[in-house]
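What follows is a single structure, written as C-alpha cells, with notes after it.
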Amino acid sequence: MTRIRNWYRAEAEKLRALSWKKKLQYLFVYYKGWFAGFLILLLFLSYAVDVVVQGQKETVLQGFFTNDVYSAFPVEEIQKDLASRLSLDRSQKILFDDDLYIDLGGEATEYSAASNGKIIAYMAVGDLDFVVTTGEVYRHFAGDIPMRDLSEFLPQDLYQRLSPYLVDAPDQYGEPVPSAIELSGCRFLRERDDLPEGTFYFFIPHSAPRDQAVLETIRYLFE
C-alpha cells in the first residue's frame with residue numbers, strides 16, 4: 001500500500017505541473033493500455049447484461065434467413081415491423097438470424113456445415129418457426145426435413161391468395177403437398193427486376209412452435 005500511495009503522489013505532482021493539453025497527452029501516452037482495458041471491460045459488461053436481459057424475454061418468433069447475398073431482406077426492419085404488428089411488450093422478443101450460408105457446391109465447407117447444423121438443431125428442438133432460403137437449399141431440405149402442409153396450415157383466404165406461389169414437395173408418404181411459398185411476389189422482391197422468380201422460398205418446419213406469429217409474418221410479407 002505504501003508503494004501505491006507513493007506512486008499516486010508522484011503521478012499527481014507530475015500532472016499538477018502540466019497544462020491541460022499536456023496532461024491529456026501524458027495520460028494518453030502512459031495509460032492508453034489501461035484505458036483500452038477499461039473500455040473492453042465496459043463492452044464486455046454491456047454484452048453480458050444484454051445477454052441476461054434477452055435471456056429472460058419470451059421468444060414469440062424465430063426465423064432464419066440463409067444465402068441472402070442480394071441483401072433482399074432487411075431483417076432489422078422486418079423485426080421492427082413485426083414487433084409492432086404482434087404488439088410485443090418489453091418481456092418479449094423476435095429472433096432472426098440472417099448470417100447463415102449453405103453452399104451445396106462444396107465451397108465454404110466449414111461455415112456451410114455450421115449453418116446447416118444450426119438449422120437442423122433448432123428444428124430438432126422445436127424452436128424454429130420459419131426459414132427463408134434459396135430454391136436450391138429449399139429443395140435440399142425438402143427431401144429430408146418434414147415441413148408443414150400449407151393446405152392445412154394456411155387459412156382459406158390466405159391459401160387462395162398465395163396459391164400461385166405455393167410449391168409442392170413430397171410428404172412423409174411420398175404424396176406432393178404444398179410445403180413452401182415462392183417469394184417473388186412478396187413486398188421485398190416484387191420490385192426487384194434483378195432477382196428471377198424462384199430465387200427465394202419460405203418454408204415452415206413441421207416442428208415450428210408459434211403458428212400465429214408465422215401466419216402474421218406471411219401476411220406481412222405479402223401485403
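The values are calculated or read from the model by the stated rules, or taken from the named source; none is laboratory data. What you see is a predicted model, and the numbers here were worked out from it, not measured in a lab. FYI the Cβ positions are ideal-geometry reconstructions off the backbone, even for glycines, and counts take in every protein chain you see. Surface accessibility is based on the protein's heavy atoms, side chains included, excluding ligands, DNA and RNA. Shrake-Rupley method; radii C 1.70, N 1.55, O 1.52, S 1.80 Å.
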Which numbered condition TYR159 misses (of (1) free of Cβ contacts under 8 Å to residues at least 60 places away in the same chain; (2) buried (at least 18 other Cβ atoms within 10 Å of the Cβ)): (2)
Considering residues of the range 61-108 that are acidic (Asp, Glu) and not in a helix (DSSP H, G or I) only, the residue farthest from GLU223 (Cα to Cα): GLU107
Candidates TYR201, TYR122, TYR111 - the one that is in a helix (DSSP H, G or I) and touching a residue at least 12 places away in the same chain (Cβ under 8 Å): TYR122
Number of the exception - ALA180 against (1) without any contact (Cβ under 8 Å) to a residue 60 or more places away in the chain; (2) more than 17 Å from the chain's Cα centre (by Cα); (3) not in a strand (DSSP E or B): (3)
Pick from the range 162-177, criterion assigned to a loop (DSSP other than H, G, I, E, B) and open to solvent by 90 Å² or more (accessible area, probe 1.4 Å), ranking: farthest from LEU221 (Cα to Cα): TYR173
Matching option when the condition is surrounded by 15 or more Cβ atoms within 10 Å (Cβ to Cβ), of a type in the set (Asp, Glu) and either touching a His at 6+ places or on another chain (Cβ under 6 Å) or within 20 Å of TYR70 (Cβ to Cβ) (or both), among GLU197, GLU182, GLU216: GLU182
Residue check for GLY105: closer than 24 Å to LEU195 by Cβ, out of contact with any Lys or Arg (no Cβ under 9 Å at 6 or more places or on another chain) and at pLDDT below 95: yes
